[in-house]
Amino acid sequence: MKAPVHIAVTGAAGQISYSLLFRLANGDLLGRDQPVVLRLLETPESLSSLPGVEMELRDCAFPLLSDVVKTADPYLAFHEVDIAFLLGAKARGQGQERKDLLQVNAEIFALQGRALSRAAKHTVKVLVTGNPANTNALIALSNATELTAANFSAMTRLDHNRAVGLLAERCMCSSADIVRMTIWGNHSANQYPDLAYAEVRGVPALDRVGRAWFQEVFIPTVQNRGSAVLSARGRSSAASAANAALAQMRNWLFGTGESDWVSMAVLSHGEYGVAPGVMFSFPVTIDDRRVKVVQSLELDQHARERLALSERELLAERDMVAHLL
Ligand code: NAD
Ligand code: LMR
């Protein structure tokens with residue numbers, strides 16, 4: 001039997017976690033031969049909800065679940081972890097934008113960045129989902145002085161999957177027929193879901209759907225899908241968010257393969273003219289756990305303007321939390 005892999009999940013009593021934990025324990029991330037220890041972090045006030053979650057996990061009798069640790073101490077939660085899902089943060093309500101959460105959530109990521117730096121393995125992969133995800137990831141990374149940018153990403157995989165799902169529906173094909181989808185920028189209504197390089201069964205997506213549908217339907221639908229789910233459900237997305245977190249982490253650990261790329265928010269080093277030092281979603285390939293931004297894609301004027309909008313928003317968010325960086 002392999003030694004168990006330690007996985008931290010913050011916000012463990014929350015709704016995304018309620019979907020994610022069971023899939024982690026089932027082997028959906030690391031495979032059916034890899035035992036896991038789930039290290040659950042909650043606030044002191046919500047810690048009392050975790051025994052119920054643990055009971056349900058144990059009642060599934062997952063063969064791969066070695067142990068469950070429940071704590072309100074981030075240093076204990078992150079002790080020697082290989083993988084961390086940072087879900088724990090306030091979610092927005094109707095009428096709010098994700099960046100409205102920055103003031104309430106930012107401190108969480110400063111503290112957790114410090115704790116990860118001290119307690120986690122230096123190879124840890126930290127996926128930030130709590131909103132506003134890009135800037136929270138920047139805060140965590142800036143406070144994790146013993147770790148590097150390669151340890152951190154923010155989640156734009158849900159946007160990527162939404163874009164693939166919408167295009168598949170429009171083209172009446174399977175999501176597996178679609179390659180080279182791209183989400184650029186911030187996980188916000190200013191993200192740029194881009195079809196310029198996407199293909200559907202080898203045919204350019206724009207030839208299949210036309211520019212009018214791309215601009216008038218596709219872009220705003222993907223950009224505003226989080227709000228649409230929130231108003232339809234009365235709560236923000238949860239199962240699809242957990243699924244996206246798993247997919248992003250799985251690609252990070254096991255690679256993307258040669259023939260396709262995925263979207264992931266990583267620290268910008270000036271790629272595509274984006275200001276260095278913000279967490280920006282790019283098309284990336286991953287090999288041997290190393291993330292590479294896809295280079296040399298041509299961007300037309302429309303795309304450049306869209307990227308600039310996201311960049312400005314991320315720079316403004318960064319200014320708002322300058323004291324924590
Ligand atoms: P939720 O309110 O159901 O759960 C959040 C949990 O986090 C709560 O149990 C809360 O007690 C806990 N928490 C708060 N502060 C914490 C801290 N310091 N340490 C540990 N736990 C803490 O929310 P949810 O629906 O699970 O969503 C979680 C976050 O993910 C929200 O910020 C939401 O906006 C965001 N989200 C992001 C995406 C994305 O695509 N990036 C998608 C969906 C949701
Ligand atoms: C989403 O995209 O579903 C999440 O970021 C939750 C939200 O507030 O929209």
Fill in: Counted residues, region 264-296 - those being in contact with a His (Cβ under 6 Å, 6 or more places away or on another chain) and under 22 Å from ASP82 (Cα atoms)
0
Worksheet item: Inside region 113-134, can you point out the residues that are within 15 Å of ligand 1 (Cβ to nearest atom), over 16 Å from the mean Cα position of the chain (by Cα) and β-branched (Val, Ile, Thr)?
Response: none
Item to complete: Would you mind telling me which numbered condition in (1) farther than 30 Å from ALA228 by Cβ; (2) without any contact (Cβ under 8 Å) to a residue 40 or more places away in the chain; (3) within 14 Å of ligand 1 (Cβ to nearest atom) LEU101 fails?
Response: (1)
Worksheet, complete the sentence: Pairs returned, first residue in region 1-16 that is of a type in the set (Lys, Arg), second residue that is part of a loop (DSSP other than H, G, I, E, B), beta-carbon separation under 8 angstrom, 6 or more apart or interchain, are LYS2/ASP33; LYS2/GLN34; LYS2/PRO35
Discussion item. What pairs come out if I take residues in region 32-48 that are touching a residue at least 24 places away in the same chain (Cβ under 8 Å) and in the same structural domain as LEU76 (by TED's automatic domain parsing) and pair them with residues that are assigned to a loop (DSSP other than H, G, I, E, B) and of a type in the set (S, T, N, Q) whose C-beta lies under 9 Å away, six or more apart or interchain?
Written reply: ARG32/ASN26
Worksheet item: Looking at VAL294, is it surrounded by 20 or more Cβ atoms within 10 Å (Cβ to Cβ), away from ligand 2 (no atom under 14 Å from the Cβ) and in the same structural domain as ASN190 (by TED's automatic domain parsing)?
Response: no
Worksheet item: Which residues, taken from region 67-92, are assigned to a strand (DSSP E or B) and more than 16 Å from ligand 2 (Cβ to nearest atom)?
Response: ASP67, VAL68, VAL69, LYS70, THR71, ILE83, ALA84
Worksheet entry | Candidate set from region 149-173 (those that are over 26 Å from LYS99 (Cβ atoms) and not hydrophobic (A, V, I, L, M, F, W, C)); member that is nearest to ligand 1 (Cβ to nearest atom) | GLU169
Worksheet, complete the sentence: Checked against (1) on the phi < 0 side of the Ramachandran plot; (2) more than 16 Å from ligand 1 (Cβ to nearest atom), SER263 satisfies every condition except (2)
Fill in: Matching entry among ALA110, ALA176 (being away from ligand 1 (no atom under 11 Å from the Cβ), of a type in the set (A, V, I, L, M, F, W, C) and either more than 22 Å from LEU50 (Cβ to Cβ) or free of Cβ contacts under 8 Å to residues at least 60 places away in the same chain (or both))
ALA176
Item to complete: Go through the residues of region 204-215 one by one and say whether even a single one is within 15 Å of ligand 1 (Cβ to nearest atom) and buried (at least 18 other Cβ atoms within 10 Å of the Cβ).
Response: no
Fill in: From ALA196, ALA189, residue being among the hydrophobic types (A, V, I, L, M, F, W, C), away from ligand 1 (no atom under 12 Å from the Cβ), under 25 Å from GLN96 (Cα atoms) and assigned to a loop (DSSP other than H, G, I, E, B)
ALA189
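The values are calculated or read from the model by the stated rules, or taken from the named source; none is laboratory data. Just so it is clear, the structure is predicted and the values come from calculations on it, not from any experiment. Virtual Cβ from ideal backbone geometry, glycine too; neighbours counted across all protein chains shown.
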